[in-house]
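Please see the structure below; I have some questions.
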Amino acid sequence: MNSASKLGIYAVGLAVVFGGAAGVGKIVGPVGASAETASHDGGGHRGGGHGEGGHGEGGHGGAETAHAPGGLQVSEDGYTLVPRLTNVAPGEKTDFRFTINGPDGKPVTGFKPLHGKRLHLIIASRDLSGFQHVHPTEAGGGVWTIPITLPKAGVYRFFTDVQPEGAKRQLTLGADVFVQGDLRTTPLPKPERVAKVDGYEVALTGGLAPGKSTELTLAVNKDGKPVTDLEPYLEAYGHLVALRQGDLAYLHVHPDGAPGDGKTRPGPEITFFAEAPSTGAYRLYLDFKHGGRVRTAEFTVYAGDARPPAQTGGGHDDTPHTH
């Protein structure tokens, strides 16, 4: 089987829906059931996005309106993510350009800011071994550009969080980009409660549970001491992206509270709420800023009774579960 065939097979995934409210992310399933309409009407934000507001009905089991899942589509509500190229070489810096085309087929040039940016781009490898949260610049005429380097052969999912002017709601559009070469997938890392990055240790308390909202608290430490001076990054002390293994269904939520609100402390703890309807493996990515740099702490979490395959049968499990 040639590399292109391998990559095409690897890109196939199942669908799941994400929805939620500010500070609350909800993974809604099965396909066709989404809380995003209710959460927008109620003042919340759509899971997978950057909106703000109170808890919408959709985040608490309210009436759900059928809607295609965000992040798993290249086009939604007439808006389409259009990459200028979908094949790149591994390990080489590439000027990646794309447009968000509107219902008229033309590139959109007007967007509402979402947490300080008019467009957010998240890149994740299909095997969840690579993650980037970047912010392209506008080259004119609705064209966005960003230099990217994709390290190895495989399929990468590109997500854009945007709200075009004139759109009824915030959108998460996704498209695949292929890196040619001999595909060698990376197994999902085992669950650990502490992630280490650039001398920092981030401890995760809590987990995901099917069908109910659970609390996820991440505590940032450096050199064995709590970090109490986290810096605002995109109008929050942390940004949490969750991707489900197998389909890369996408959720982007923000923590309780905000910098400057008079009650939210700049660390060491950052608290989020998320809801998952089913068992399964998820990869969590926490972006936080300290010392003038943004770093990403990564975790594997198994929701509900899911267990890593190697531990099936009763072995010890350090997975942060919540039942």
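The values are calculated or read from the model by the stated rules, or taken from the named source; none is laboratory data. This one's a predicted model, so the numbers in the text were calculated from it and none came from an experiment. Don't worry about glycine lacking a Cβ; one is built from the backbone with ideal geometry, like all the others, and counts go over all protein chains shown. Accessible surface is based on the protein model in full, side chains and every heavy atom, while ligands, DNA and RNA are left aside. Shrake-Rupley method; radii C 1.70, N 1.55, O 1.52, S 1.80 Å.
Here's a check for you: in region 161-174, which residue that is at pLDDT below 95 and not in a loop (DSSP other than H, G, I, E, B) is surrounded by the most Cβ atoms within 10 Å (Cβ to Cβ)?
The selected residue is 172.
Moving to a separate point now. Would region 147-155 turn up any residue that is within 17 Å of residue 71 (Cα to Cα) and part of a strand (DSSP E or B)?
There is at least one residue in region 147-155 that is within 17 Å of residue 71 (Cα to Cα) and part of a strand (DSSP E or B).
Follow-up question, since we're still on this one. Can you tell me which residue within region 86-135, out of those that are part of a loop (DSSP other than H, G, I, E, B) and without any contact (Cβ under 8 Å) to a residue 40 or more places away in the chain, is most open to solvent (accessible area, probe 1.4 Å)?
By that ranking, first place goes to 106.
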